[in-house]
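First the structure, in the form of structure tokens, and then the observations on it.
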Amino acid sequence: MKEQFVHTLTNSFMLWFDHFLLEKGEAFSNQTGTFYHTSDDFLDDSYVPFSSPYKQFVTDSSIVGATLPTGITGNSHYIDYDNGRIVETGSNYTSSSAITGTFAVKDFNIYFTNETEEDLVVENKYEVNSRIPTYNESGIAPYDQVVPAIFLSTATMENEPLAFGGEECTKVRVNAVALSDDPYKLDGVLSIFGDSHNEVFYPIPMSGHPNNEYGDLKDGTYSYDTLSSAYSDNKPFLVDTVTTSKLTDKARKSLANDLYVGFIDFDIQVHRFRFS
Amino acid sequence: MARLPRDVQMAIEKQAPKALKKPFEKEFKKKFLEVKSEMIKEFLSHPVTIELIAGPSSSNISGTLGGISNLFAFIGFDASDQPIQPILQMLENMNYNYAGEAKIGVTYNVTIPEASDIFKATPLPWASGRSWAQGIETGISGLGYLLRKERGRSGKAVQSKTRIRSGRFQNTQYISALINKYKKRFNNIK
């Protein structure tokens, strides 16, 4: 199936959300450290993966102060930004190779999900990936979803007639569930997005997504500001209303984990013709 | 038909509002109370309202959960909660006031709550920034049910072994449709 409106919206929203949080909240920390070998059955023997103790890395060069991965040992590797790891591709590397580097790690991982809120909050088990370094540091396993994290999903979409000629006002509800290991960070996220009402972001097709299937950057570099401005001739999406709320303390006590939970409900609006 | 002279017309237009204010108000009040009463009656007879008033022992008469469990438990209310009360209070507080003279008549302003006002007054028991009344229209997750189950609060629905998931919830028209309908009815009072 070719890309549809909601695919473009999802892609654009996720990129905007990530950028907005990193920019407004400076929600990242620069780290220098060791990458630890972690096996990955999905990779063949010519790839040797080394994971940092954190995921996800910041990819966006338009975020002031964020150090994009640099000083990585070795000259033949790719960076799996989503899983916070370096995958060495040369034959000189073994599982005992020492890999170090500097990178910026997001305070909150961002995931797009189809899971229900009850699965996200009650059923799922997470590894808490604290952003505070510990003495028993080790690489974090790839592919697992770890918290602090924000899970995005599209909930509903409706069209309302807007103008003669068939133009519609399309309204899409996007929900975000934020899971945090401390209330300060959760309050920060809710505050930032509570203020995002009336922001606009441009439709970026899925082909414009900066990452490839390995989690590396397609073009070696990515700036949200540059990418977004390349599509600024299109009608923007408007963040019409935003409602934030937290899981009450009473309800939180019944959770098996010790996470702080917040909800951000976005109403996104755009004027468009159907099937465009 | 003979037309009234202009000065007579002007005299009527000037004197009528004052002279007719009382009979007009009596008539308007009667019609206003009729429409208000109809609105409250319609709200109270909505299947969602009936189900929530019935509390944790109700069956899913609204059909929003495919007949499994009931809304009261699904949303996560405590047995002692009265979720309908704030809405009913807002509807009962609807009133009108004299707004001024019109051409051979008077105008009244009717204060009717907006759907957004009602949403603000109906927080979910587990996330106060979200409205359960809005959730009835746009979708509501089964998180309240699961959290309540984990805590083992009192109430019959806690005993249910059936897994309730948000995917089971069927949105339905509720507050917004009611407000829109009766806004028109109040506007049409003549």
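The values are calculated or read from the model by the stated rules, or taken from the named source; none is laboratory data. Just so it is clear, the model here is predicted, and its values are computed rather than measured. When we count neighbours, we look across all protein chains shown, and the Cβ atoms used for this are built from the backbone with ideal geometry, even at glycine.
Numerical summary
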read-out: So B:Ser141, is it surrounded by 21 or more Cβ atoms within 10 Å (Cβ to Cβ), within 20 Å of A:Ile264 (Cα to Cα), within 13 Å of chain A (Cβ to nearest Cβ) and at pLDDT below 90; value: yes
read-out: Index of the failed condition, B:Lys161 passing every other in (1) surrounded by 13 or more Cβ atoms within 10 Å (Cβ to Cβ); (2) modelled with pLDDT under 75; (3) more than 13 Å from every other protein chain (Cβ to nearest Cβ); (4) not in a helix (DSSP H, G or I); value: (1)
read-out: Filter result for the condition that a residue is more than 14 Å from chain B (Cβ to nearest Cβ) and within 17 Å of the chain's Cα centre (by Cα), over A:Asn109, A:Asn136; value: A:Asn109
read-out: Qualifying residue in segment A:4-24 (condition: assigned to a strand (DSSP E or B) and hydroxyl-bearing (Ser, Thr, Tyr)); value: no
read-out: Qualifying helices (runs of 4 or more DSSP H) (wholly inside segment A:174-276; at least 2 residues being within 12 Å of another protein chain (Cβ to nearest Cβ)); value: A:183-194, A:249-252
read-out: Condition met for B:Ile40 (crowded, with 18+ Cβ neighbours inside 10 Å, outside any loop (DSSP other than H, G, I, E, B) and more than 14 Å from chain A (Cβ to nearest Cβ)); value: no
read-out: Residue count, segment A:47-89 (criterion: assigned to a loop (DSSP other than H, G, I, E, B), β-branched (Val, Ile, Thr) and in contact with a Gly (Cβ under 8 Å, 6 or more places away or on another chain)); value: 2
read-out: Evaluation of B:Ser128 against (1) within 14 Å of another protein chain (Cβ to nearest Cβ); (2) in contact with a helix residue (DSSP H, G or I) (Cβ under 6 Å, 6 or more places away or on another chain); (3) exposed (fewer than 13 other Cβ atoms within 10 Å of the Cβ) (one fails), failing number; value: (2)
read-out: Of the criteria (1) crowded, with 22+ Cβ neighbours inside 10 Å; (2) touching a helix residue (DSSP H, G or I) at 6+ places or on another chain (Cβ under 6 Å), which one A:Val122 fails; value: (1)
read-out: Checklist (1) more than 14 Å from chain A (Cβ to nearest Cβ); (2) in contact (Cβ under 8 Å) with a residue 12 or more places away in the chain; (3) of a type in the set (S, T, N, Q) applied to B:Thr107, failing item; value: (2)
read-out: Segment B:66-97: number of residues that are over 24 Å from B:Lys183 (Cβ atoms) and surrounded by fewer than 21 Cβ atoms within 10 Å (Cβ to Cβ); value: 8
read-out: Criterion violated by B:Ile118 - all others in (1) over 19 Å from B:Ala54 (Cβ atoms); (2) within 14 Å of chain A (Cβ to nearest Cβ); (3) surrounded by 20 or more Cβ atoms within 10 Å (Cβ to Cβ) satisfied; value: (2)
read-out: Any hit, segment A:152-173, residues being within 29 Å of A:Asn129 (Cα to Cα) and aromatic (Phe, Trp, Tyr); value: no
read-out: Residue within segment A:186-197 that is modelled with pLDDT of 90 or more, more than 23 Å from A:Thr248 (Cβ to Cβ), surrounded by 13 or more Cβ atoms within 10 Å (Cβ to Cβ) and touching a strand residue (DSSP E or B) at 6+ places or on another chain (Cβ under 9 Å) present; value: yes
